[in-house]
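The values are calculated or read from the model by the stated rules, or taken from the named source; none is laboratory data. Keep in mind that this is a model prediction, so the values were computed, not measured. Here the Cβ is made from the backbone with ideal geometry for all residues, glycine too, and neighbour counts use every protein chain on show. Side chains included, ligands, DNA and RNA excluded: accessible areas come from the protein's heavy atoms. Shrake-Rupley method; radii C 1.70, N 1.55, O 1.52, S 1.80 Å.
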Amino acid sequence: MPEAESSTMIQAASSDGVVDQDVAARGLSGGLKRLGRYFVVALLGFVAGAFALYVHRVRAGPSLRVWHTAELSEEFTARRANQFHGLEDYKDLEDRLFRQLDERVYAETETGPALTLARFSSGSAADPRERNPNWNRSFELDTREPKGAVLLLHGMSDSPYSLRALGEVLHGHGYWVVGLRLPGHGTAPASLAEVTSEDLAAAVRLAMRHLQTVAGGGSIHIVGYSTGATLAVDYALSGRESGPAPSSLVLISPAMGITRLAALAKWNLRLALLPGLDKLTWQTILPEFDPYKYNSFPVNAGYQVRRLTRSVAEEIEARATDGPLPNLPPILAFLSTVDATVSTDAVVDNLLGHLAPSRHELVLFDVNRNSVNSTVLASDPGPLTARLLDDATLPFSLTLVTNLSPESNDVVLRRKDPLSRLSTTEPLDVEWPPGVVSLSHVALPFSPDDRLYGQRRPSDPDALFLGHIPARGERGLLRFPSDWLMRLRHNPFYDYLESRTVDWLDGAGAPSR
């Protein structure tokens with residue numbers, strides 16, 4: 001065969017190979033594109049189906065009642081804050097707000113024996129207006145010559161009742177005390193669907209300026225529970241332009257970090273604007289039988305807590321780039337090692353770990369090591385407490401309230417100083433109560449003697465008691481989750497929390513030993 005012809009055949013064969021490879025590549029590329037389109041269509045179909053199922057379940061759930069929809073316009077907001085010259089103006093507005101609540105909610109709610117546990121049914125056992133005082137209202141405990149002043153800030157969906165007992169004790173020790181009803185609270189759950197973190201912060205500033213006028217030159221402290229604790233830190237970070245600087249902070253179950261699912265709340269709120277989807281405004285819709293706390297929880301409430309916690313965490317992190325924060329007042333924080341509402345780790349990682357050493361303390365309430373077994377625990381906080389006890393870089397004191405041993409119900413205090421691994425142990429002279437395996441987010445500020453949430457039912461057989469409801473039966477029968485029945489609502493170690501709080505304030509933050 002001539003050389004030219006052979007060369008031509010080789011080139012042709014080579015060209016055919018390239019063409020074949022090209023065709024194969026295009027075929028593969030086209031197949032991948034088709035597969036990608038199928039995947040996108042399937043994913044969109046799954047999302048649409050899941051959303052349709054979610055909407056169906058929401059719409060099929062409990063109906064919204066008047067306390068979920070009432071518009072209460074006589075509420076304090078940040079926008080109208082400059083109209084208020086002091087706490088008396090705030091209380092006057094609160095009077096108008098509660099009259100509006102009577103007209104738009106109580107007057108529109110049926111009454112009768114079948115509604116004896118309905119909060120918004122006039123004259124029921126759960127009607128807070130039947131109680132004197134009504135602890136849903138802001139309260140003030142004055143004294144002739146105060147040695148200082150204290151602002152009490154309750155949590156989201158809560159009321160001033162949660163810190164009432166602590167406030168009365170502090171008042172007995174010579175402090176002028178204000179228990180502030182935060183905007184959106186103490187009235188009807190509908191109000192939480194509108195409140196913003198700015199409204200809450202503005203109310204705190206107003207109350208602190210009031211305490212400055214009555215403290216007689218004494219120290220001013222803030223005791224905050226849950227979201228109220230976050231507001232206390234937020235105020236302390238804001239500087240003197242907001243009002244008087246607090247001498248110390250006491251934080252109970254502080255909300256320094258919550259679930260990331262709260263970030264999706266804004267989408268729920270937007271979708272709720274569509275016709276027929278108003279129930280998407282609500283995370284839970286439950287019967288209202290607690291006189292001092294909402295059971296129903298609007299999506300907006302969780303969204304505002306997330307906004308607040310993120311803002312505080314980002315501010316602390318930004319300020320801590322040059323070293324520990326030196327200017328925050330001494331902080332005493334109380335926290336359960338297990339908390340289904342807030343992040344325990346976030347209290348260390350987002351707050352206490354950034355502070356200057358020697359002025360702050362974390363008190364952790366452990367689980368009952370004598371009554372729980374690792375095989376039945378969903379998660380064991382043991383690794384967290386072990387890590388904190390072994391960490392010699394922590395800039396705060398640590399006190400662990402825990403069992404003397406896994407074989408004992410006796411409770412001891414394990415303490416260590418900042419920047420140290422060395423710990424000491426001393427008895428607390430108290431035992432874990434039978435059947436109690438841990439504290440909870442809602443338990444810490446309540447005494448076992450609390451008449452509503454305590455350990456034992458009051459002697460009055462007609463008194464409403466929510467501390468322990470002995471209900472047994474089939475799941476799905478009751479309208480509220482079964483875990484509501486299991487959650488501890490008082491603190492067996494409340495006396496320790498109370499005495500440490502008094503000592504902390506009396507020492508303007510000096511750790512009590």
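The phi-based Karplus calculation (6.51 cos²θ - 1.76 cosθ + 1.60; θ = phi - 60°) puts the 3J(HN,Hα) values of the stretch 318-335 at 5, 6, 8, 5, 9, x, x, 6, x, 9, 6, x, x, 10, 10, 10, 10, 7 Hz, whole numbers, x for Gly and Pro. To the nearest 0.05, how large is the calculated FRET efficiency for Thr321 and Ala508 if R₀ is 25 Å and r is the Cβ-Cβ distance? Approximately 0.30, to the nearest 0.05.
Label-to-label distance for Ala378 and Ser420 is 3.7 nm, based on points extended 7 Å past Cα in the beta-carbon direction. According to the calculation over all Cα-Cα pairs in the stretch 124-178, the P(r) per 10 Å bin from zero is 24, 48, 23, 5, 0 %. Packing around the peptides 194-205, 474-485, 68-79, 327-338, taken as the average count of other Cβ atoms within 10 Å per residue, puts them in this order, highest first: 327-338, 194-205, 68-79, 474-485. Ligands, DNA and RNA left out, the accessible area of the stretch 365-513 computed with a 1.4 Å probe is 51% carbon and sulfur. Between Thr143 and Ser405, the modelled labels are 4.4 nm apart [label points 7 Å from Cα along Cα→Cβ]. Computed with a 1.4 Å probe over protein heavy atoms only, the accessible area of Arg306 comes to about 40 Å². Listed by chain and number, the lysines whose C-alpha is less than 17 Å from the C-alpha of Lys279, apart from same-chain residues fewer than 8 away, are Lys266.
In summary, the aspartates and glutamates within cross-link reach of Lys147, defined as a Cα separation below 19 angstrom excluding same-chain residues under 8 places away, comprise Glu168, Glu498, Asp503, Asp506. With a Förster radius of 30 Å, plug the Cβ-Cβ distance of Thr116 and Arg475 into 1/(1 + (r/R0)^6) and report the FRET value to the nearest 0.05. Efficiency for this residue pair is about 0.75.
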